[in-house]
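I have placed the structure first, in the form of structure tokens, so that the comments after it can refer back to it.
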Ligand code: PLP
């Protein structure tokens, strides 16, 4: 019989417990609630007026074309579908689309783009610390931690006022060391819905340039706020002013292909040569992590963007999603002056002025599921649920 003579090495049984992602736990809790009237405003997907997250009609058609015409599923390489990234350039970069100091590649969603962008920055400057306005999307801090970069948090949002703490933000950026990373939400801030105005973007860009910071812009909801070009204002302004910019982009929301994992990373440096070297690192990191991104969703987006007729139909469906988001916002905002700020914000999320206890009480008494922070998805609501939701929230605020 074999006996173990050496000291027992640590095994899988020694792993510490993990605190679950709070939003994923919330989905499970809501799924388990048998009450038919339950309202799920926790999940971060677009829903139509009937409460469904349908596949876009134009996407169905593109997928059909893909099935009919694709002749091989041979490997594409770490860059994924190169034409997909090219077609995205005018959509995201606008007048910078032709700048050959900017290079991009397909990634597995916005998450993959963020991870890869931070990996690149950490490779270039492991001492860099990332300036994060709080609250932020809960997956930002773990991604930053996973690449080994430090973090400096600053307060971004004043909950009671529904307003950005802009002076604090600028002070934090102006206090930062050169080379530190300014993580910025391109549009439709998650979780607050509080976006920088154009003037505020100008000040942020000025601070980034003055302090020699590295901007990383996360843009996961382009087209969900004011429009495709309007939502890319900050990205393009940053590119106007800076030699080095990293942009993590997602098509998962604006093409409604969440589970297909469609995104891209764009990197700008001061020269074509430096960009080529940076991209060689990017491909290497991608190769280590996922080798190459999944093809299907990006291939379908590629078909849509390449065909003028499909592209026009996508814009119509995207506009309908945006219009619904903004219409529900206006309806909630009009219900009570304390909710008026929701009408001035953008994207799917806002934070209600509720304590954690009030949020839990709404969950228990009304079967309304939102994040403990009070973040809710405005289009988590079907049209038929809006009035009951407003009444319950106003009731909770009055308590
Ligand atoms: N960034 C923000 C702010 C997000 O809210 C999300 C998704 O919720 C992402 C990035 C990642 O998107 P994806 O699903 O494409 O990975």
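Bear in mind that the values in this text are calculations on the coordinates, not laboratory data. Source: prediction; values computed, not measured. Quick reminder, even Gly has a Cβ in these numbers, built from the backbone with ideal geometry, and neighbours come from all protein chains shown.
Where the centroid of each part is defined by its Cα atoms, how far is region 62-94 from region 336-399 in Å?
39 Å
Using DSSP, restrict attention to beta bridges with both residues in region 58-308 and report what percent are antiparallel, rounded to the nearest 5. If you can, show how the numbers build up before the last one.
Details: 15 of 32 bridges.
Once the DSSP bridges in region 58-308 are tallied, antiparallel ones form about 45 percent.
If the viscosity is 1.002 mPa s and the temperature 20 °C, what Stokes-Einstein diffusion coefficient in µm²/s follows for the chain when Rh is the Kirkwood radius over Cα pairs?
96 µm²/s
For region 126-165, what class follows from the C-alpha gyration tensor (a ≥ b ≥ c being the square roots of its eigenvalues): rounded when a/c is under 1.5, otherwise prolate if a/b is larger than b/c, else oblate? Provide the component values of the computation, followed by the final result.
Working: a/c = 5.32, a/b = 2.24, b/c = 2.38.
Cα axes put region 126-165 in the oblate bin.
State, as an integer percentage, the relative contact order of region 58-308 based on alpha-carbon contacts under 8 Å between residues 6 or more apart.
Working: 453 pairs, mean separation 74.1, N = 251.
So the answer I get is 30 percent.
Taking the number of other C-beta atoms within 10 Å as the exposure measure, put 250, 373, 291 in order starting with the fewest. All intermediate terms of the calculation are to be shown ahead of the outcome.
Working: 250 26, 373 17, 291 10.
With the sparsest Cβ surroundings first, the list reads 291, 373, 250.
Between residue 12 and residue 53, what is the spin-label point distance in nm, taking each point 7 Å from the Cα along the Cα→C-beta axis?
With each label placed 7 Å out from Cα toward Cβ, I get 2.9 nm.
Would you look at the GNM of the chain, springs on alpha carbons closer than 10 Å, and say which of 288, 119, 158 moves the most?
Of the options given, 288 has the highest mean-square fluctuation.
Rounded to the nearest 500, what is the chain's calculated 222 nm mean residue ellipticity when only DSSP H runs of at least 4 contribute -39500 (n - 2.57) each, over all residues?
Taking each H run of at least 4 residues, the total per residue is -14000 deg cm²/dmol.
What is the distance in Å between the Cα centres of region 251-292 and region 118-145?
If you average the Cα positions of each part, the centres end up 16 Å apart.
If you rank 102, 55 by fewest surrounding Cβ atoms within 10 Å, what's the result? Walk me through the intermediate numbers first.
Working: 102 20, 55 12.
In increasing order of surrounding Cβ atoms, one gets 55, 102.
Taking a ≥ b ≥ c as the square roots of the Cα gyration tensor eigenvalues, with a/c under 1.5 meaning rounded and otherwise prolate when a/b beats b/c, else oblate, which class fits region 1-145?
On the way: a/c = 1.59, a/b = 1.20, b/c = 1.32.
Here region 1-145 falls in the oblate category.
Could you give the length gained on full extension between residue 311 and residue 394, defined as 0.36 nm per residue of separation minus the Cα-Cα distance, in nm?
Going from the current span to full extension adds 25.8 nm.
So for the pair residue 382, residue 364, with labels modelled 7 Å out along Cα→Cβ, what separation do we get in nm?
2.8 nm
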